[in-house]
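Here, each number is a calculation from the coordinates, and none is a lab measurement. Note that the structure is a prediction, hence the values are computed from the model and not measured. All Cβ positions, glycine included, derive from the backbone under ideal geometry; neighbour counts span all protein chains shown.
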Amino acid sequence: MYRIGRDGLDINKIGVKENDVTVFVFGEVDARVHILKQANEKKCEIKVVVKELVSSYIKSIIQNKSVCKSIKTIIMAVVPPTQACGLDNIPIFGTIEERINIVRLLNKNIHKECSKYNLIMLDVNDLYSKNNILDPELSDSCNHINMAYNDPIKKRLIDIIAS
């Protein structure tokens, strides 16, 4: 999310063309690592960092939408955070409670920006969350939804695309 907002994204370079569907799936690493770290470094509230991050991210997506006017753009909500996955090379900043709050703030701001710019938001957290944490049985044993359990996401995407 941060890199897209900071550096932009040229969808032409990745082969997106008119009438395609684009699904933006970002934010897990931002919630797990960057947001709390940035708030501490800038000595500001987490909600300020989240608002700036989401605003830049959505603006970058909107710029691409203006290049390919007939693409259908879907922004996926940030998946619930996980407890430590046991891999030493996967950094985690903040407590699980802080990261749950960050994901909530991210998704609230994504929803607000999607409504503002008439973008579609896909939220599947109700399918994969257990007490606001990614259900370990449905995860890849770390930070992501296991590919074996992504059929509900596919169904929701198909429904959105068909509408």
Full extension between residue 146 and residue 95 adds, at 0.36 nm per residue less the Cα distance, a length in nm of 16.1 nm
Given Cβ charges of +1 for Lys and Arg and -1 for Asp and Glu, the option among 105, 64, 95 whose Cα lies farthest towards the positive end of the dipole of the chain is 64
If every Lys and Arg gets +1 and every Asp and Glu gets -1 at its Cβ, then about the Cα centre the chain yields a dipole, in debye to the nearest 20, of 640
Rounded to the nearest 500, the 222 nm mean residue ellipticity computed for the chain from DSSP H runs (n ≥ 4, each -39500 (n - 2.57)) alone is -14000 deg cm²/dmol
In nm, the gap between the two label points placed 7 Å beyond Cα toward Cβ at residue 127 and residue 63 is 3.2
In the chain, whole DSSP H helices that both stretch 20 Å or further along their axis by alpha carbon positions and average at least 1.6 on the Kyte-Doolittle scale are none
For residue 112, the lysines lying under 22 Å Cα to Cα, once residues fewer than eight places off in the same chain are dropped, come out as 47, 51, 59, 65, 69, 72
Fewest to most Cβ atoms within 10 Å: 114, 68, 44 sort as 44, 68, 114
Ranked from fewest to most other Cβ atoms within 10 Å of their own Cβ, 156, 6, 99 fall in the order 6, 156, 99
Measuring from its Cα centre, the stretch 29-110 shows a charge dipole (+1 at each Lys and Arg Cβ, -1 at each Asp and Glu Cβ) which, in debye to the nearest 20, is 480
